[in-house]
Amino acid sequence: MDMYEKTLKNDVKFKGKILQVEEVEVELPNGKSATREVVKHSGAVCIAAITAENEFIFVKQFRCPFSKVILELPAGQLENGKDDPISDSQRELKEETGAIGVNYVNLGKMYMSPGYSSEEIFLFLCSVKEFGETCPDEDEFLEVVKIPVDKAYSMVLNNEIEDAKTQIGVIKAYNYLLKNRNR
């Protein structure tokens, strides 16, 4: 079955610093037309960084859409493009937590919400080599938190961590660590 939707018209409704909202008219496989609302985003990275004490490094940050502080793995927008997400991961980890990561492992990518957003998030696991000074963006106010790997995994399963990229990052990193523990 052909499910491809052909774009007929694309109208930019809003263009901001980190996203753009478009109204897209498409031709459906049955020949009829429909309108799609699409949020365009340059993409992001999310890093599951593990300390020598077998802890994940998290950040707590106030998130305006939910009017509350959320526990998340360090993450941030791609600046170097989709060709080099590791350097963006290294930058974001250092900026937000002060950690220098080594031995980066690609855990894949995810589509945040493909029904309306083009955002792709590249997931990585790394070991923390050392800690230095943080240098968050001027509009970021973060608290660094370390949580043992097993406890973080349980927190995801118990809905104590609500952020989707963090849930997936923790689960993928945890499974990678289990499979590679005795190698």
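For the stretch 124-174: of the residues being acidic (Asp, Glu) and not in a loop (DSSP other than H, G, I, E, B), which is farthest from Ile86 (Cα to Cα)?
Asp150
Of all the strands (runs of 3 or more DSSP E) wholly in the stretch 1-109, which have at least 1 residues that are farther than 20 Å from Phe122 by Cβ?
6-15, 19-27, 33-41, 55-63, 68-72
Restricting to the stretch 161-183, name every residue that is under 25 Å from Tyr111 (Cα atoms) and exposed (fewer than 12 other Cβ atoms within 10 Å of the Cβ).
Leu178, Lys179 - these are the residues of the stretch 161-183 that are under 25 Å from Tyr111 (Cα atoms) and exposed (fewer than 12 other Cβ atoms within 10 Å of the Cβ).
Out of the stretch 14-39, which residues are of a type in the set (Lys, Arg) and either closer than 30 Å to Tyr153 by Cα or without any contact (Cβ under 8 Å) to a residue 12 or more places away in the chain (or both)?
Answer for the stretch 14-39, where residues must be of a type in the set (Lys, Arg) and either closer than 30 Å to Tyr153 by Cα or without any contact (Cβ under 8 Å) to a residue 12 or more places away in the chain (or both): Lys15, Lys17, Lys32.
Pick from Lys68, Lys109, Lys6: which is within 18 Å of Gln167 (Cβ to Cβ), touching an Asp or Glu at 6+ places or on another chain (Cβ under 7 Å) and modelled with pLDDT of 95 or more?
Within the list Lys68, Lys109, Lys6, the selection yields Lys109.
Could you tell me whether the stretch 40-63 includes any residue that is exposed (fewer than 12 other Cβ atoms within 10 Å of the Cβ), free of Cβ contacts under 8 Å to residues at least 24 places away in the same chain and either of a type outside the set (A, V, I, L, M) or over 21 Å from Val144 (Cβ atoms) (or both)?
Within the stretch 40-63, none of the residues are exposed (fewer than 12 other Cβ atoms within 10 Å of the Cβ), free of Cβ contacts under 8 Å to residues at least 24 places away in the same chain and either of a type outside the set (A, V, I, L, M) or over 21 Å from Val144 (Cβ atoms) (or both).
For a quick check of your reading of the model, give me the residue pairs whose first member lies in the stretch 86-114 and is closer than 18 Å to Asn180 by Cα, whose second is of a type outside the set (D, E, K, R) and modelled with pLDDT under 95, with beta-carbon atoms closer than 6 Å and at least 6 apart or on different chains.
Final answer for the pair search is Tyr104/Ile86.
Any chance the stretch 137-147 includes a residue that's of a type outside the set (Asp, Glu), exposed (fewer than 15 other Cβ atoms within 10 Å of the Cβ) and farther than 19 Å from Ala49 by Cβ?
Yes, the stretch 137-147 contains a residue that is of a type outside the set (Asp, Glu), exposed (fewer than 15 other Cβ atoms within 10 Å of the Cβ) and farther than 19 Å from Ala49 by Cβ.
Only one of these is among the hydroxyl-bearing types (Ser, Thr, Tyr) and in the same structural domain as Asn103 (by TED's automatic domain parsing): Ser67, Ser33. Name it. Walk me through it before giving the result.
Values: Ser33 fails: in the same structural domain as Asn103 (by TED's automatic domain parsing).
The conditions single out Ser67.
Quick check on Leu78: is it within 19 Å of Gly169 (Cβ to Cβ) and at pLDDT below 95?
Criteria met by Leu78.
The values are calculated or read from the model by the stated rules, or taken from the named source; none is laboratory data. None of the values given here were measured: they were computed from a predicted structure. Neighbour counts are summed over all protein chains in view; Cβ atoms, including those assigned to glycine, are modelled from backbone coordinates with ideal geometry.
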